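The values are calculated or read from the model by the stated rules, or taken from the named source; none is laboratory data. The structure presented is a predicted model; accordingly, all values stated were derived computationally and were not measured. All Cβ positions, even for glycine, are placed from backbone atoms using ideal geometry, and neighbour counts span all protein chains on display.
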Amino acid sequence: MKRITTLIVLFLAITITAQDNTFKQFYKSHKKEAEVSLNVPGFLARMFIDNEDVDEEELLKKASNFKILVFNNEEGVRSDFTKFIKKNEFKTLVRVKDDGNRAEVYFVERGDYIREIVIMAGSKEEELVLLGLKTKLTKDELASIVSSTKKEIASK
């Protein structure tokens, strides 16, 4: 009985640990290659948000940690990032291309919540910027934030 209990506890511990190693793992393995690497707690980031940006404020309230990496034309990092996205089964939310520049937004869903959002922006000739957010958003909350952002962009 003790062996079965020990095996179950060990399996649960491994499962919980494996779920937490998403962008944090990529951040740790590539931060030395980056020109800039920042790890900002959510409460600190919320201090810099404008009170008029209600949708961004909602996203920031639901985010607990921000990890930012900036690279100068590192092709190896781009391929590592692509492999990382595929391996960890991130889903694509948005892809935008404009004059050689790209921006992509990915997310990881666990249960009823979106637990992590990763944003990649850059071009092949210039910098690559990666931003990872740990979140606890429902699909409806994320859809609301995205749809209101689209309205703001369309109205400009």
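Test each condition in (1) modelled with pLDDT of 85 or more; (2) out of contact with any Lys or Arg (no Cβ under 7 Å at 6 or more places or on another chain); (3) under 25 Å from Lys31 (Cα atoms) for Val108 and report the one that comes out false.
Evaluating Val108 over (1) modelled with pLDDT of 85 or more; (2) out of contact with any Lys or Arg (no Cβ under 7 Å at 6 or more places or on another chain); (3) under 25 Å from Lys31 (Cα atoms) leaves (2) as the failure.
I need the full set of residues from region 113-126 which are under 14 Å from the mean Cα position of the chain (by Cα) and within 17 Å of Val36 (Cβ to Cβ), in order please.
If the condition is that a residue be under 14 Å from the mean Cα position of the chain (by Cα) and within 17 Å of Val36 (Cβ to Cβ), then Val118, Ile119, Met120, Ala121 are the ones that fit.
Which members of region 127-148 meet the condition of being within 16 Å of the chain's Cα centre (by Cα), surrounded by fewer than 19 Cβ atoms within 10 Å (Cβ to Cβ) and closer than 20 Å to Lys67 by Cα?
Scanning region 127-148 gives Val129, Leu131, Lys136.
Name the single residue that is nearest to His30 (Cα to Cα) among those in region 111-135 being among the basic types (Lys, Arg) and at pLDDT 85 or above. Explain how you work it out, then say what you get.
Residues of region 111-135 that are among the basic types (Lys, Arg), as a first pass: 115, 124, 134.
In the following step, the residues that additionally are at pLDDT 85 or above were identified as 115, 134.
Values: Arg115: 21, Lys134: 18 Å.
Filtering first and then ranking leaves Lys134.
Run Glu109 past the list (1) of a type outside the set (S, T, N, Q); (2) more than 12 Å from Phe23 (Cα to Cα); (3) in contact with a helix residue (DSSP H, G or I) (Cβ under 7 Å, 6 or more places away or on another chain) and report the number of the one that doesn't hold.
Result: Glu109 fails condition (3) only.
Considering only region 73-93, I want to know if a residue exists there that is outside any helix (DSSP H, G or I), among the hydroxyl-bearing types (Ser, Thr, Tyr), farther than 18 Å from Ser123 by Cβ and at pLDDT below 85.
no
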